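Before any comments, here is the structure.
The values are calculated or read from the model by the stated rules, or taken from the named source; none is laboratory data. Model, not experiment: these values are computed from the prediction. Ideal geometry is used to build each Cβ from the backbone, glycine not excepted, and the neighbour counts take in all protein chains shown. Surface areas here come from the heavy atoms of the whole protein model, side chains and all, with no ligands, DNA or RNA. Shrake-Rupley method; radii C 1.70, N 1.55, O 1.52, S 1.80 Å.
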Amino acid sequence: MRKMEKIEKIEDLPGVGPALADKLMEGGYRDLMSVAAAAPGELKDAAGVGEATAKKIIGAAQEALDMGYETGIDVMKRREQIGRLTTGSTDLDKLLGGGIESQSITEFYGKFAAGKTQITHQLSVNVQLPKERGGLEGKALYIDTEGTFRPERIVQMARSLGLDEEEVLRNIKVGRAYNSDHQMLLAEKAENIVREDNIRLVIVDSLMGLFRAEYVGRGTLADRQQKLNRHLATLGKIASMYNLPVVVTNQVMAQPGILFGDPTEPIGGHILGHKSTFRIYLRKGKGEKRVAKLVDSPCLPEGECVFTITEDGIRD
Ligand code: ADP
Ligand code: MG
């Protein structure tokens, strides 16, 4: 039997020498956790090794981190750490079981002007509130793929909550993504920023816009889904490793039949369905009213509520 040495770094893994460790680092695998959570196919490409070796490396990292089964008590303890972030609407919070959960990906989807971007703005402000006011006492990281982040809107929302608008703006890190690769890179970089800074919320508005635009008519749906899958894995990992909520938006097509299937289905289809733990469908009501429908969640009943978008932000 191999002598058990304590494995703490990537270089300590059996079969990983300094050269391979460097390659892994370059490929974005900076610690045991990122190796342990990797898919063999990905790691294989990044490290330039065979599939079997990749599997062995991942297995060793998982073992080192003791990532096997755990008891229900362990799961419960971890779930007790879950933080909840207010949306600004008590009804919407209630629908979500007390607010947006950490350790999860929450997806808001709906047509143009349904309020997706307004919600992500509001959450970037609210996350900075003290816990008693429904915040998570931290900063926000905002990946903007459509160029719709508006500091002026943040200022309005911050003012209405009596917060220092300049500080609120300073506490939102905005990454403008220009193509899907850039978007993915920003998410990967987010991991480092989250580790070093007190980021308590990660947003991607919108998740699919760039992917959709780039892959239109190229007939490479499988490619797109694979990339999207990787992107979501990165986001999911951040949510669970750092106990924070990840919120993504997703557009549904206004005109039926333009792309794939059901027009009221969010772009991204099934893959996204599996990865986002909470999905909320938004639609316009009269005037400033909006209707939110919880579509599926692991332990909450389906339901609907009404909220408003006012000058002050998201309200009941
Ligand atoms: P999308 O779902 O496309 O991201 P948005 O979140 O951008 O939609 O919502 C846009 C809507 O939000 C506008 O049509 C308007 O009704 C409302 N809105 C935007 N800014 C304000 C504001 N300052 N005051 C009141 N309502 C606003
Ligand atoms: Mg938007």
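Tabulated values for the structure
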| quantity | calculated |
| --- | --- |
| Considering only the chain, percent of DSSP beta bridges that pair antiparallel, nearest 5 | 40 |
| For the chain, average projected area of the Cα convex hull in nm² | 17.9 |
| Fraction of accessible area attributable to carbon and sulfur, segment 4-64 (%, probe 1.4 Å) | 51 |
| Rh (Kirkwood; distinct C-alpha pairs) - segment 167-224, Å | 13.0 |
| Bins of 10 Å from zero: percent of alpha-carbon pairs in segment 4-64 | 27, 65, 8 |
| Distant-in-sequence amide H partners of VAL247 (H built 1.01 Å from N, under 5 Å) | THR106, VAL202, ILE203, VAL204 |
| q = 0.11, 0.15, 0.20, 0.23 Å⁻¹, segment 68-174: log10 I(q)/I(0) [Debye, one scatterer per Cα] | -0.39, -0.68, -1.09, -1.35 |
| Cross-link pairs LYS227/LYS286; LYS55/LYS189; LYS189/LYS293; LYS55/LYS237 - those with Cα-Cα distance over 28 Å | LYS227/LYS286; LYS189/LYS293 |
| Between segment 21-72 and segment 85-152, the alpha-carbon center distance in angstrom | 32 |
| Amide hydrogen neighbours beyond the local backbone of THR310, cut-off 5 Å, H modeled | ARG315 |
| Rounded accessible area per residue of the chain, 1.4 Å, Å² | 49 |
| Ranked by how many other beta carbons lie within 10 Å on average, peptides 126-135, 50-59, 94-103 from highest | 94-103, 126-135, 50-59 |
| At R0 = 30 Å, FRET efficiency that the Cβ-Cβ distance of ASN192 and LYS131 yields, to 0.05 | 0.70 |
| Rounded accessible area of LEU201 (nearest 10 Å², 1.4 Å probe) | 0 |
